[in-house]
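First comes the structure, then the notes that go with it.
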Amino acid sequence: MEPTRDYPLFGGAFSAILPPGAIDVSDLRPVPDNQEVFCHPVTDQSLIVELLELQAHVGGEAAARYHFEDVGGVQGARAVQVESVRPLSLENLALRSCCQEAWVLSGKQQVAKENQQVAKDVTLHQALLRLHQYQTDLLLTFNQPPPDNRSSLGPENLSPPPWSLGDFEQLVASLTLHDPNIFGPQ
């Protein structure tokens, strides 16, 4: 199954290449206006694209850590551990003309799903694209919960394989701005 090409995001203001089988969560439940959320059809993996207010009080690697810890707080994470933070080369981004700095962070958060007591370690990969001219931090998050113990189906199963870090990297690199008016008057 081919990735979805040029999937419109935020009413067409952006587009990106989504991994195979991505389901738009807004078709299933309400999603905040500043987010686009996609889930894998079989695994508990998810992808989130968020438009956030620029956190000008933090810069560089600290900005990536700030957003990672903020997400952990919102999700009620019981433990937050950053494993790596590295700069992301702007030359590989479709948004390179309006992105001043970009960071990739990988880490783990211990999170319990809604209505569950047991917290699981969830691996998160985040890309932070800082759009200073639009006063926006663009945060892309790839949630990779541990695989559950569902029995795998045979070769006749046509569902897409779990998403990979490469799928997330393609989403980040392909994210394209079409309408700057999404940020309001400049």
Exercise. For residues in the range 63-74 being within 14 Å of the chain's Cα centre (by Cα) and in contact (Cβ under 8 Å) with a residue 60 or more places away in the chain, which is most open to solvent (accessible area, probe 1.4 Å)?
Worked result: Val71
Problem set entry | Pair list, Cβ under 8 Å, 6 or more apart: the range 37-49 residue open to solvent by less than 30 Å² (accessible area, probe 1.4 Å), other residue among the hydroxyl-bearing types (Ser, Thr, Tyr) and outside any strand (DSSP E or B) | Val37/Ser26
Exercise. Are any of the residues in the range 1-11 of a type outside the set (Asp, Glu), open to solvent by less than 30 Å² (accessible area, probe 1.4 Å) and at pLDDT 95 or above?
Worked result: yes
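Let's see how each residue does on (1) more than 20 Å from Leu129 (Cβ to Cβ); (2) surrounded by 18 or more Cβ atoms within 10 Å (Cβ to Cβ); (3) within 15 Å of the chain's Cα centre (by Cα):
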position	(1), (2), (3)
Pro20	yes, no, no
Leu51	no, yes, yes
Val58	no, no, no
Glu61	no, no, no
Gly76	yes, no, no
Val85	no, yes, no
Seminar exercise, completed: Pairing a residue in the range 160-182 that is open to solvent by less than 40 Å² (accessible area, probe 1.4 Å) with any residue that is assigned to a helix (DSSP H, G or I) and not hydrophobic (A, V, I, L, M, F, W, C), where Cβ atoms lie under 8 Å and the two sit 6 or more apart in sequence or on different chains, gives Ala173/Asn92
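The values are calculated or read from the model by the stated rules, or taken from the named source; none is laboratory data. Keep in mind it's a predicted model, so treat the numbers as computed, not measured. No Cβ is skipped: glycine too gets one built from the backbone with ideal geometry, and neighbour counts run over all protein chains shown. For accessibility, only protein heavy atoms count, side chains too; no ligands or nucleic acids. Shrake-Rupley method; radii C 1.70, N 1.55, O 1.52, S 1.80 Å.
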